[in-house]
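**Student:** One structure, as structure tokens, below. Some questions next.
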Amino acid sequence: MFKEKKISIVIPAHNEQKLIQKVLKTLPHWIDYIFVIDDCSADATSERVRERMGSDPRIQLIRHEINQGVGAAICSGYKASLKNEVDIAVVMAGDAQMDPDNLESLILPVAEEGVDYTKGNRLFEGRAWEIIPHHRYIGNSILSLLTKIASGYWHIADTQCGYTAISKKAMHAVDLDKVYPRYGMPNDLLVKLNVADCTVRDVPVQPIYNIGEVSGIRISRVVIAISRLLLSCFFRRLIDKYVIRDFHPLVFFYTLGLIAFPAGLISGMYLFLYRLFSGPVATTSALFSAFLIISGLQFLLFAMWFDMENNKSLKG
């Protein structure tokens, strides 16, 4: 128990035989449940977990017979937490990249202040650029910007950090069977939490790299896949939150902006190329293209401003 709250640790693990025991050994005594979800590992991950289960009765092993993805593994841990009436579920990776010394600071806002969801932010650390591999830092920054727009949580950053704590209320508010099952899970979950009007807060955590972990993530592929996911999530959030549940005029601003700005940009590029290779263009055509670009940008900026104002109350 922590602050009279029942706590669980959810550990998604895929081929983590090398570091999984290190993670399990460092968890504090006040954790009530430890759910390790072996997502169809091909190595001895499950065997290493069973070795620890003999000396630590808090550990429960959940094995996926088919690889479902890290998101699905986390949701399996959330379901097990709800089944055991856990008040707060914390996600820690099986590769020892999440410092257990940050557990209390991550849980405190949920336990004492009623925040629905806290997530680690490794970028608060001044040396993050030196510690985090540069290609991952840049990819993370791009996805963080896109996630701000898609989720409506404009105050958050480092959206790919999986070190999170979630309340029982928030777990009940989200349909766990419909959460994205793979690496885009944290991004998709944020969108679903926003639609459910859950509060979110960033908490500084220490970035840990180069301890023997092996990443199977291909940054270019992940950025493209998650960007597509976020585009879908963005439109779904607008429809669910600002059309179906409670109409808001920002929908018109986003719609007009997403029509006018691309149209102006495409026509402007066409006119520019035509001017380079064919000859002069009509002044009215150039002015109309510029008008579309400027007005489209204004519509988009107004829509974002409305969205920020509407979601201020969800800043945990």
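**Student:** How large is the helix-only mean residue ellipticity at 222 nm for the chain, computed as the sum of -39500 (n - 2.57) over DSSP H runs with n ≥ 4, divided by its residue count, in deg cm²/dmol to the nearest 500?
**Tutor:** Working: 11 runs with 156 residues, N = 316.
Value at 222 nm, helices only, nearest 500: -16000 deg cm²/dmol.
**Student:** When DSSP assigns beta bridges and you keep just the ones with both residues in the chain, what percent turn out antiparallel, to the nearest 5?
**Tutor:** Details: 8 of 30 bridges.
That works out to approximately 25 percent antiparallel.
**Student:** Okay, moving on. With springs only between Cα atoms under 10 Å apart, run a GNM on the chain and tell me which of Ala89, Ala303, Ala13 wobbles the most.
**Tutor:** So, out of Ala89, Ala303, Ala13, the one fluctuating most is Ala303.
**Student:** May I ask you to evaluate 6.51 cos²θ - 1.76 cosθ + 1.60, the Karplus curve with θ = phi - 60°, for each residue of the stretch 240-255 and list the ³J(HN,Hα) values in order in whole Hz, giving x for glycine and proline?
**Tutor:** Rounded to whole hertz, the list is 5, 8, 10, 10, 6, 7, 7, 5, 9, x, 4, 4, 5, 5, 5, 4.
**Student:** Using Cβ counts within 10 Å as a stand-in for footprinting exposure, how do Met171, Met98, Met92 rank, fewest first?
**Tutor:** Details: Met171 20, Met98 28, Met92 25.
The fewest-first ordering by Cβ neighbours comes to Met171, Met92, Met98.
**Student:** Now for a separate question. Could you sort out which of Lys22/Lys312; Lys25/Lys315; Lys18/Lys178; Lys79/Lys119; Lys168/Lys312 sit more than 28 Å apart by Cα distance in this structure? Write down the numbers at each step before the final one.
**Tutor:** On the way: Lys22/Lys312 40 Å; Lys25/Lys315 34 Å; Lys18/Lys178 31 Å; Lys79/Lys119 19 Å; Lys168/Lys312 22 Å.
Those over the limit are Lys22/Lys312; Lys25/Lys315; Lys18/Lys178.
**Student:** Would any residue of the stretch 121-158 have its amide N under 17 Å from a label point 7 Å out along Cα→Cβ of Tyr209? List them or say none.
**Tutor:** Those under the cut-off are 121-144, 158.
**Student:** Output the 0 to 90 degree angle, nearest 10, between the alpha-carbon long axis of helix 103-113 and the longest principal axis computed from the alpha carbons of the chain.
**Tutor:** Helix 103-113 sits at roughly 70 degrees to that axis.
**Student:** Taking amide H positions as placed in the peptide plane 1.01 Å from N, state which residues far from Phe2 in sequence (5 or more) or on other chains have amide H under 5 Å from it.
**Tutor:** So Phe2 has HN proximity to Ile7.
**Student:** Counting residues in the stretch 1-86 as N, plug N into 2.2 N^0.38 Å and put the Cα Rg over that result.
**Tutor:** 1.03
**Student:** Measuring from the lowest to the highest alpha carbon on each principal axis, how far does the chain reach, largest first, in angstroms?
**Tutor:** So the extents along the principal axes, rounded to whole Å, are 80, 42, 39.
**Student:** Let me ask something else. Tabulate in residue order the Karplus-calculated ³J(HN,Hα) for the stretch 188-196, using 6.51 cos²θ - 1.76 cosθ + 1.60 with θ = phi - 60°, rounded to whole Hz; enter x for Gly and Pro.
**Tutor:** Karplus-based 3J(HN,Hα) across the stretch 188-196 equals 5, 5, 4, 4, 5, 5, 5, 4, 7 Hz.
**Student:** For the residue pair Ile259 and Ser232, what label-to-label distance in nm results when each label sits 7 Å from Cα along the Cα-to-beta-carbon direction?
**Tutor:** Reported label-point gap for Ile259 and Ser232 is 2.6 nm.
Values quoted throughout were computed directly from the atomic coordinates according to the rules given, and no laboratory measurement underlies them. Treat the numbers as computed from the prediction; the structure is a model and nothing was measured. FYI the Cβ positions are ideal-geometry reconstructions off the backbone, even for glycines, and counts take in every protein chain you see.
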